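Engineer: First the structure, which I've put down as structure tokens, then a few questions once you've had a look.
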Amino acid sequence: MRFSVLGSGSKGNCTLVEAGTTRLLIDNGFSGKELIARLHSIDVRPETLTAIVVTHEHDDHVKGIGVVSRRFNLPVYANAATHRAAEQRVGQVRERHEFGTGESFTINDLHIHPFAVSHDTADPVGFVVSDGRSALGYCTDTGTITRLIRHHLRNCRALVLEANHDLQMLQQGPYPFPLKQRVLSIQGHLANNDSLEFAGCLINERLRALVLAHLSEINNDPNLVRAEARRRLPTGEGVQVFVAEQWRAGPVLEIEP
Ligand SMILES: [Zn+2]
Ligand SMILES: [Zn+2]
């Protein structure tokens with residue numbers, strides 16, 4: 001199984017996951033043109049995509065779903081509440097599939113388990129995607145790491161995890177007070193601190209590849225995240241740590257069983 005974070009942040013999110021001939025997109029917050037360019041940069045033809053799975057209805061996750069679904073005949077999988085909430089933004093899609101939060105489903109070679117996260121939308125989820133040999137966790141847009149999230153991500157070999165803001169940068173930064181409160185709330189976004197503490201626990205379990213994602217452009221700094229990760233995460237265990245970027249696709253990472 002392989003994956004690549006094609007872009008991440010408040011201006012757009014999309015991650016490609018593939019096993020065998022199955023190629024899924026998790027969310028798409030990019031225009032059709034932008035997505036095609038990013039896929040091209042990692043040598044993937046958009047005609048070979050299989051489906052799109054959706055975490056929640058915020059614009060940075062859904063605004064490019066409709067156009068890509070229609071153009072490349074891609075079915076769209078989301079829970080009922082997210083489909084409903086995203087309907088206006090997404091428009092017609094090729095095929096609309098509903099999953100239940102907490103209920104696993106299969107798309108060709110991939111098993112997908114959607115689990116609840118803590119965010120201010122209708123029914124937000126993260127995913128564990130598995131090919132039966134190894135698993136990738138995807139968990140962004142959550143204000144806190146719940147016991148349920150811990151439970152589901154414990155056995156992942158690779159993880160895309162939110163590291164949204166540095167607490168001090170957010171507190172001293174230019175956001176108006178209500179927006180600061182929203183980001184900080186347990187239904188907001190995950191701080192670097194909380195993210196790295198959780199990632200540290202997972203590295204002691206099975207985690208080998210970590211992509212820190214959904215960094216705020218205002219309240220965070222990729223170099224700071226990298227430095228903090230080096231300082232706080234256990235090293236010398238063959239663990240690879242990456243920071244996802246907003247403006248270009250990251251590397252294609254192979255997930256070892
Ligand atoms: Zn987001
Ligand atoms: Zn969101």
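Engineer: Do we find that Leu167 is surrounded by 19 or more Cβ atoms within 10 Å (Cβ to Cβ), more than 14 Å from ligand 2 (Cβ to nearest atom), at pLDDT 95 or above and not aromatic (Phe, Trp, Tyr) in this structure?
Structural biologist: The answer is no for Leu167.
Engineer: Answer yes if at least one residue in segment 55-63 is within 16 Å of ligand 2 (Cβ to nearest atom), free of Cβ contacts under 8 Å to residues at least 60 places away in the same chain and polar (S, T, N, Q), and no otherwise.
Structural biologist: Checked segment 55-63: no residue is within 16 Å of ligand 2 (Cβ to nearest atom), free of Cβ contacts under 8 Å to residues at least 60 places away in the same chain and polar (S, T, N, Q).
Engineer: Where the second residue is basic (Lys, Arg) and surrounded by 12 or more Cβ atoms within 10 Å (Cβ to Cβ) and the first is in a loop (DSSP other than H, G, I, E, B) and lies in segment 221-245, which pairs have Cβ atoms under 7 Å and are six or more apart or on separate chains?
Structural biologist: Gly238/Arg208; Val239/Arg208
Engineer: If a residue must be part of a loop (DSSP other than H, G, I, E, B) and either among the small types (Gly, Ala, Ser) or touching a Pro at 6+ places or on another chain (Cβ under 6 Å) (or both), how many such residues does segment 100-140 contain?
Structural biologist: Final tally of qualifying residues: 10.
Engineer: Checking Asn155 against (1) of a type outside the set (D, E, K, R); (2) modelled with pLDDT under 95; (3) open to solvent by less than 20 Å² (accessible area, probe 1.4 Å): exactly one of these is not met. Which one?
Structural biologist: Unmet condition: (3).
Engineer: Further question: Need the failing condition index for Ser216 against (1) surrounded by 17 or more Cβ atoms within 10 Å (Cβ to Cβ); (2) farther than 19 Å from Arg2 by Cβ; (3) touching a Lys or Arg at 6+ places or on another chain (Cβ under 9 Å), just the number.
Structural biologist: Just one mismatch for Ser216, condition (3).
Engineer: So, one more: Consider Arg248 against the criteria (1) in contact with a helix residue (DSSP H, G or I) (Cβ under 8 Å, 6 or more places away or on another chain); (2) basic (Lys, Arg); (3) modelled with pLDDT under 95: it satisfies all of them except one. Which criterion is unmet?
Structural biologist: In the conditions (1) in contact with a helix residue (DSSP H, G or I) (Cβ under 8 Å, 6 or more places away or on another chain); (2) basic (Lys, Arg); (3) modelled with pLDDT under 95, Arg248 misses (3) alone.
Engineer: Please name all residue pairs, on different chains or six or more residues apart, with Cβ atoms under 8 Å, provided the first residue is in segment 65-86 and is part of a helix (DSSP H, G or I) and the second residue is of a type in the set (Ser, Thr, Tyr).
Structural biologist: Close Cβ pairs (under 8 Å, with a partner that is of a type in the set (Ser, Thr, Tyr)) amount to Val67/Ser31; Thr82/Thr55; Thr82/Thr121; Ala85/Thr121.
Engineer: For segment 21-52, which residues satisfy the criterion of being farther than 22 Å from Gly126 by Cβ, aliphatic (A, V, I, L, M) and touching a residue at least 24 places away in the same chain (Cβ under 8 Å)?
Structural biologist: Selection gives Leu39, Ile42, Val44.
Engineer: Ok, one more. Does His97 satisfy being in a helix (DSSP H, G or I), surrounded by fewer than 21 Cβ atoms within 10 Å (Cβ to Cβ) and away from ligand 1 (no atom under 16 Å from the Cβ)?
Structural biologist: No; evaluated as a whole, the condition is false for this residue.
The values are calculated or read from the model by the stated rules, or taken from the named source; none is laboratory data. Since we're looking at a predicted model, the values are computed, not measured. Every residue, glycine among them, receives a Cβ derived from its backbone with ideal geometry; neighbour counts consider all protein chains shown. Each accessible area value is taken on the protein alone, full model and side chains, heavy atoms only, with ligands, DNA and RNA left out. Shrake-Rupley method; radii C 1.70, N 1.55, O 1.52, S 1.80 Å.
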